[in-house]
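Written below as structure tokens is the structure these notes are about.
The values are calculated or read from the model by the stated rules, or taken from the named source; none is laboratory data. Please read these numbers as outputs of a predicted model, since none were measured by experiment. Positions of Cβ are generated from backbone atoms using ideal geometry, with glycine treated the same way; all protein chains shown enter the neighbour counts. Surface accessibility is based on the protein's heavy atoms, side chains included, excluding ligands, DNA and RNA. Shrake-Rupley method; radii C 1.70, N 1.55, O 1.52, S 1.80 Å.
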Amino acid sequence: MMNVLVTGGAGFIGSHTCVELLECGYQIVVMDNFVNSTAAAVDAIKKITGKEFPFYECDMLDLENFEKIFQENKIDAVIHFAGLKAVGESVTKPWLYYHNNLVSTLNLIALMEKYGVKKLIFSSSATVYGAKNPIPYREDMETGGTTNPYGSTKFMIEQILKDECVPHPDWSVILLRYFNPIGAHPSGLIGEDPNGIPNNLMPYITRVAAGKLPCLSVYGDDYPTHDGTGVRDYIHVCDLASGHVKALEKTETMQGADVYNLGTGCGSSVLDVVHAFEEASGVKVTYKIAPRRAGDLAEYYADATKAKKELGWEAKYNLLDMCRDSWNFTKKRMEQEAAGK
Ligand code: UFG
């Protein structure tokens with residue numbers, strides 16, 4: 001069975017994918033610099049799976065330390081999650097985003113070359129489709145026209161990785177374009193817990209429901225959507241995790257670069273999510289209508305047929321499941337905080 005290096009393995013999507021990999025029998029080596037995650041997630045992965053693995057607290061920009069991982073382990077494939085991901089922050093700190101996300105990936109590519117690692121899965125984003133494509137988004141649509149440095153790093157890294165497959169025809173690279181991951185592992189031991197005031201919808205909703213923030217601002221109710229609020233393709237993070245394992249299997253039988261959407265194919269509005277959350281949790285979410293947020297699109301969701309056909313993968317969880325698991329994680333976190341942990 002392959003030994004898989006997971007960069008950013010303590011993060012939201014990374015930690016859930018580590019669990020899925022271990023449960024499918026893969027060996028893993030995990031690295032994270034903990035800028036937006038904690039060692040508790042690493043312990044939780046071990047607790048959920050009952051399995052051990054090497055962990056490195058390491059920054060991918062620190063090439064010398066990063067190389068030690070390749071010296072000390074025989075790596076067969078890499079799943080590269082590590083990266084900065086806050087859209088708004090990327091607008092105020094473009095250098096930080098370009099430097100961090102691009103140089104870390106370039107370091108990874110150099111080490112893959114040096115150590116003969118030929119399989120790579122990369123965390124891309126639906127944001128690479130830009131604003132001009134019709135919905136649902138299909139993998140063969142033109143990409144680019146990204147509107148913030150975060151999105152531009154995803155677009156650029158996709159291009160870099162496609163270019164790397166030209167002189168390395170025996171590499172197998174899969175770019176996964178995520179839609180909106182929410183939910184948490186049903187154990188409630190790992191989930192999304194951002195530092196500070198959340199930017200994204202579900203962490204904001206759970207903080208309002210927990211009484212830590214007074215009110216959700218719904219950014220715009222005059223979009224051309226079924227109820228006027230913005231529509232996205234929310235996907236359970238455990239479905240996303242299983243998509244990575246399917247992509248890894250695919251690297252065994254393909255060469256070159258290929259790209260897959262990981263979405264459900266269903267669009268839900270902000271108010272659909274609020275109402276589903278209230279139904280799943282039994283807790284009321286106070287909200288008010290606020291102006292549109294700069295840079296938001298009215299509506300997009302995935303065409304999820306390519307991943308179904310070629311990877312044999314499709315999402316299993318619905319919006320209520322996602323809300324239930326996000327709330328379960330939040331409640332567990334609050335219990336831990338109350339216990340002083
Ligand atoms: N929203 C609110 N109130 C909030 C937060 C969000 O109404 O407090 C709305 C947004 O306007 C949007 C929807 O909820 O309509 C989802 O917003 P998120 O911030 O959760 O997610 P986005 O779709 O804006 O962003 C996601 C990822 C980014 C990625 C982007 C584009 O978080 O990483 O999709 O693909 F770049």
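Residue by residue through the range 197-224, note down the ones that are of a type in the set (S, T, N, Q) and either near the ligand (Cβ under 9 Å from one of its atoms) or more than 22 Å from residue 263 (Cβ to Cβ) (or both).
Hits for the range 197-224 are 199, 200, 217.
In a residue-by-residue description of the range 162-182, the property of being within 16 Å of the ligand (Cβ to nearest atom), of a type outside the set (A, V, I, L, M, F, W, C) and assigned to a helix (DSSP H, G or I) applies to no position. For the range 95-108, filtering for residues that are open to solvent by 10 Å² or more (accessible area, probe 1.4 Å) and either assigned to a strand (DSSP E or B) or of a type in the set (Ser, Thr, Tyr) (or both) leaves 1.
Reported count of residues in the range 134-145, each being open to solvent by less than 30 Å² (accessible area, probe 1.4 Å), touching a Gly at 6+ places or on another chain (Cβ under 9 Å) and in contact (Cβ under 8 Å) with a residue 60 or more places away in the chain, is 1. Taken together, 158, 139 contain a single residue that is closer than 18 Å to residue 247 by Cβ and within 17 Å of the chain's Cα centre (by Cα), which is 158. Counting only strands (runs of 3 or more DSSP E) that fall entirely inside the range 20-94 and contain at least 2 residues that are within 26 Å of residue 173 (Cα to Cα) and touching a Pro at 6+ places or on another chain (Cβ under 9 Å), the qualifying elements are 27-32. Among the residues of the range 291-317, those that are open to solvent by less than 50 Å² (accessible area, probe 1.4 Å), farther than 16 Å from residue 229 by Cα and either assigned to a loop (DSSP other than H, G, I, E, B) or not small (Gly, Ala, Ser) (or both) comprise 303, 304, 306, 311, 313, 315. May I ask you to verify whether residue 288 is more than 14 Å from the ligand (Cβ to nearest atom), in contact (Cβ under 8 Å) with a residue 40 or more places away in the chain and either buried (at least 20 other Cβ atoms within 10 Å of the Cβ) or outside any loop (DSSP other than H, G, I, E, B) (or both)? Judged against the criteria, residue 288 is not a match. Pairing each residue of the range 210-223 that is touching a residue at least 40 places away in the same chain (Cβ under 8 Å) and open to solvent by less than 30 Å² (accessible area, probe 1.4 Å) with any residue that is assigned to a loop (DSSP other than H, G, I, E, B) and within 6 Å of the ligand (Cβ to nearest atom), provided the two are 6+ apart or on different chains, yields C-beta distances under 8 Å for 220/230; 220/293; 220/296; 223/230. If the condition is being in a strand (DSSP E or B) and open to solvent by 10 Å² or more (accessible area, probe 1.4 Å), then the range 224-254 contributes 232, 234.
If the condition is being open to solvent by 30 Å² or more (accessible area, probe 1.4 Å) and in contact (Cβ under 8 Å) with a residue 40 or more places away in the chain, then the range 165-180 contributes 168, 169, 170, 180.
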